Amino acid sequence: MEERKLRLHLIRIYVVTIAAILAALLAAILLFSVREIEQKNRETFTTLLTALGDELQTNNIVRHSELRRQEQENRLFLLVKDNGEALLYNSLDSTGKEDLLKIIEQAAREEGFDTQSLPLTNARRTSPVRPYSVNGERYLGAVSILPLANGYRTLTLAQRLDASWSGSVAFYCILYFGGVFLLGGVGVMLIDRALQPALESRKRQNQFIAAASHELRSPLAVISANAEMLPVVTPEGAATAGIITAECARMSRLIGDLLMLASADAKSWTFIPEPIELDTLLLNVYEAYVPLYRKSGCTLELRLPENSLARVRGDAERLKQVLGILLENALSYGVTQDRRSVELSVSTQRQRVSICVTDHGDGLSAEQKAHVFDRFYRADTSRREKQHFGLGLSVAQELVALQKGTLDVFDTAGGGCTFRILLG
């Protein structure tokens, strides 16, 4: 489980980093490319404006066929006026032409380039080249005022820009997602290769823990058996025997937890799925733990719904084991001098079964809740609780995950903690 989380975390960091770097790089390249295209379009437009102005200024006769050819070859709209009067010329594609050219003339007039007034100088005057947008099309436009020997001519010119930049955007988007996919795949391979030694080491560690735990059980059994004989041999050995027996039991629980976690890491846990009658299972768990709670001066309550619960598929013994861990944990950490009750309840939430163990103790802080399922983590080490090693909740979470469920914790209203198992 932890290896999978680590792998996913590293992959997520790698992919996000690669995606951000590629996005920044391709965005810079695209921006530079768009600027280059716009600069090239302006240069081309300026060249056409100058060439057409030269021709109109030097030739008295304006050939309509030449104007139409220029329009078709260069995606132009143009309007030529002699002394403020427009020539009788229409382009083949005149849709929106008049409105566009009027907009360009108006913009030029606002900048001091009036096409209706005789120029005060014999020098050609050309308005700045500006971008325009009409009916979803993008254009460049400008006005050129051309002095003649017997008056003046004006040329209002617009050039429709092609969508090459939008094609570049599509290309770079494809390049971006393809790059993220390919580099992500390479990154996953590298991460798996980098993690392989650590996984092998973890595997050997788990094998060692499992083997050592099995081997430790035999001497523990011998020590415990001999401790039971001490009161028989010497009456004063009773106290010593009690200490040895208690510590052997504590050691045995630790070995059992280590074996469980080693089995979880090695994916070798036995799991026997079967239909479970939760009512019966909870009653059995309740009856098993009521004496323990009474002995500690605490109350264990069982809350079942009025309607019978639907069966869930899982391993009944493993589920009992989880509930046992939660109930023992609540008894050790979830009761205070004033509030000494724990509730075991079950309900149905959106076609899922929710089993809760609720206490009314001191509760957990946000930081403690974030680490409460970590191995060897104990929320309150000051209690020096010798019966717990910080492994129980880790084991419980692994067992619930084995049954395709989730185990989480949240605050109880009024104080305390509620551990919830969701199955189904």
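The values are calculated or read from the model by the stated rules, or taken from the named source; none is laboratory data. From a predicted model like this one, the values you see are computed outputs, not experimental measurements. So basically every Cβ, Gly included, is an ideal-geometry build from the backbone, and we count neighbours across all protein chains shown.
Between a first residue in the stretch 149-161 that is among the aromatic types (Phe, Trp, Tyr) and a second residue that is part of a loop (DSSP other than H, G, I, E, B), which pairs have beta carbons less than 8 Å apart while being 6 or more apart in sequence or on different chains?
What qualifies is 152/83; 152/118; 152/119.
Pairs please, first residue from the stretch 75-87 and without any contact (Cβ under 8 Å) to a residue 40 or more places away in the chain, second anywhere and of a type in the set (A, V, I, L, M, F, W, C), Cβ atoms under 6 Å, 6+ apart in sequence or on different chains.
Taking only residues 6 or more apart or on different chains, the pairs are 87/80.
Does residue 360 qualify as being on the phi < 0 side of the Ramachandran plot and crowded, with 16+ Cβ neighbours inside 10 Å? Break it down stepwise before answering.
Working: on the phi < 0 side of the Ramachandran plot: yes; crowded, with 16+ Cβ neighbours inside 10 Å: yes.
Against the criterion (on the phi < 0 side of the Ramachandran plot and crowded, with 16+ Cβ neighbours inside 10 Å), residue 360 qualifies.
Scan (1) assigned to a helix (DSSP H, G or I); (2) surrounded by 12 or more Cβ atoms within 10 Å (Cβ to Cβ); (3) modelled with pLDDT under 85 for the single condition residue 65 breaks and write down its number.
(2)
So which of 21, 29, 11 is without any contact (Cβ under 8 Å) to a residue 24 or more places away in the chain and either closer than 30 Å to residue 188 by Cα or touching a Cys at 6+ places or on another chain (Cβ under 7 Å) (or both)?
Working: 29 fails: without any contact (Cβ under 8 Å) to a residue 24 or more places away in the chain; 11 fails: without any contact (Cβ under 8 Å) to a residue 24 or more places away in the chain.
Selected residue: 21, the only one of 21, 29, 11 that is without any contact (Cβ under 8 Å) to a residue 24 or more places away in the chain and either closer than 30 Å to residue 188 by Cα or touching a Cys at 6+ places or on another chain (Cβ under 7 Å) (or both).
Please specify each residue of the stretch 254-278 satisfying the condition of being surrounded by 14 or more Cβ atoms within 10 Å (Cβ to Cβ), at pLDDT 80 or above and outside any loop (DSSP other than H, G, I, E, B).
276, 278
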